[in-house]
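The values are calculated or read from the model by the stated rules, or taken from the named source; none is laboratory data. Bear in mind the structure is a predicted one, so any value in this text is a computation, not a measurement. Note that we place each Cβ from the backbone using ideal geometry, even for glycine, and neighbour counts take in every protein chain shown.
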Amino acid sequence: MIWFWVLLAGVVTFLTRYSMITFVNPKTLSKTSKEVLKYVPSAVFPAIIFPAIFLDQEGYFLNSNSPQIWGFLIAVIFGYLFNNIILTIVSGLLSFWIFTYLF
């Protein structure tokens, strides 16, 4: 019975996303809609990423010696200085792993 609900949730999720791709023609959207939709990724990305960085599994704020926070800060610095996405990701991951073993 559980697999029925899992498959149903997958089909519903697929259909809602597929319908936006196939049935909405970008040429028919108004200029205002296009302007608003340009900001969706920059509004959604922090909402997904920041809780993973600053909150623990119970929902409390992490302290300042957390490996997630240090990895985030180093990745932001590298991203700002070098403007290279690969270097930013690698520096963030390496610093996270290093600080995981230090703290």
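Assorted remarks:
- Failed item in (1) exposed (fewer than 12 other Cβ atoms within 10 Å of the Cβ); (2) at pLDDT below 90, with Leu62 passing the rest: (1)
- Test: Leu73 is modelled with pLDDT of 90 or more and of a type outside the set (Lys, Arg): yes
- In segment 71-98, the residues that are under 18 Å from Phe50 (Cβ atoms) reach residues that are of a type in the set (Phe, Trp, Tyr) with C-beta atoms within less than 7 angstrom, at least six apart or across chains, in these pairs: Gly71/Phe96; Gly71/Phe99; Thr88/Phe78; Gly92/Phe72; Ser95/Trp70.
For (1) among the small types (Gly, Ala, Ser); (2) assigned to a helix (DSSP H, G or I); (3) out of contact with any Asp or Glu (no Cβ under 8 Å at 6 or more places or on another chain), each residue gets a yes or a no:
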| site | (1), (2), (3) |
| --- | --- |
| Ala9 | yes, yes, yes |
| Thr16 | no, yes, yes |
| Val36 | no, yes, yes |
| Glu58 | no, no, yes |
| Phe72 | no, yes, yes |
| Ile77 | no, yes, yes |
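- Hits in segment 38-56 - residues which are assigned to a helix (DSSP H, G or I), free of Cβ contacts under 8 Å to residues at least 12 places away in the same chain and surrounded by 10 or more Cβ atoms within 10 Å (Cβ to Cβ): Val44, Phe45, Pro46, Ile49, Phe50, Pro51
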